[in-house]
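The values are calculated or read from the model by the stated rules, or taken from the named source; none is laboratory data. Every value quoted in this text rests on a predicted model; they were computed, and no experiment measured them. Because the Cβ atoms are built from the backbone with ideal geometry, glycine has one as well, and the counts that use them run over all protein chains shown. With ligands, DNA and RNA removed, areas are computed over all heavy atoms of the protein, side chains included. Shrake-Rupley method; radii C 1.70, N 1.55, O 1.52, S 1.80 Å.
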Amino acid sequence: IICFIPYFLFSQVNWYEIDLPPDVRTNKVAHDINGLNFMTTQIGILSSEDGLVWNHTPITDTYYSIDFSNNNVMYFGGFKLLCKSHDYGNTVDTLFKGGDHGIGCFYTLNDTLMLFGTYGAVLKSANAGVTWDTVLLTDGGEIFRSIKETSTGELFIGSTSFVSSPGGVYKSIDQGNTWELTNLHTHQISSLIIDSIDNIYAGSINGPGWA
């Protein structure tokens, strides 16, 4: 793993400010199989065709996580709640309700296997969200925030912590059935990205990023 510390060496000439409603706080961004972009915020889920201009969807509650399955079902998680929609929010079904905290991240492996991370735990469903099993349980101090998959099927999940747990990156090689803490122990990993050749990039809420 190569550590890099970002510096503001480049101008903002190549960046464009996107058109969002006033005082919007962005959470997660995802795109569907048609190339449409979606963003979870505290005022609901927004959509955009070009990534510059964003419009409201019918979903107006606060949500934190979002992902699309291979058959273009939209999954989104909020406080103690995980939902899905086949029509971009016009109709919504509840998949999971409970726990004490929000759904920090969500990932679909295929149309039936899916995972979500929350406060102190990762849960998995093998039947498209009908039932859920806890596959990773920590002491409750960690918040799982980002799940990504390599081209070879390895899963990585990043966590942050504000209590006793250290945070870091966990890895699974069996479709999320078991997990182990691999690296970046004691770091607050809030986002993960995997590129086309399986390089893994990790972003931290308290300082540098890693690759």
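Remarks
- The residue pairs whose first member lies in the range 58-74 and is within 23 Å of Phe144 (Cα to Cα), whose second member is open to solvent by 80 Å² or more (accessible area, probe 1.4 Å), and whose beta carbons are closer than 6 Å, counting only pairs six or more residues apart or on different chains, are Val73/His86.
- Conditions (1) at pLDDT below 75; (2) closer than 19 Å to Gly104 by Cβ; (3) aromatic (Phe, Trp, Tyr): number failed by Trp210: (2)
- Meets criteria (under 23 Å from Asp32 (Cβ atoms), open to solvent by 20 Å² or more (accessible area, probe 1.4 Å) and at pLDDT below 95) for Asp198: no
- Test: Thr186 is open to solvent by 40 Å² or more (accessible area, probe 1.4 Å), free of Cβ contacts under 8 Å to residues at least 24 places away in the same chain and assigned to a loop (DSSP other than H, G, I, E, B): yes
- Tally of residues being hydroxyl-bearing (Ser, Thr, Tyr), assigned to a strand (DSSP E or B) and within 16 Å of His31 (Cβ to Cβ) across the range 64-93: 3
- Subset of the range 118-145 [open to solvent by less than 10 Å² (accessible area, probe 1.4 Å) and within 13 Å of Gly168 (Cβ to Cβ)]: Gly141, Glu142, Phe144
- Residue within the range 94-104 that is charged (D, E, K, R) and touching a Lys or Arg at 6+ places or on another chain (Cβ under 6 Å) present: no
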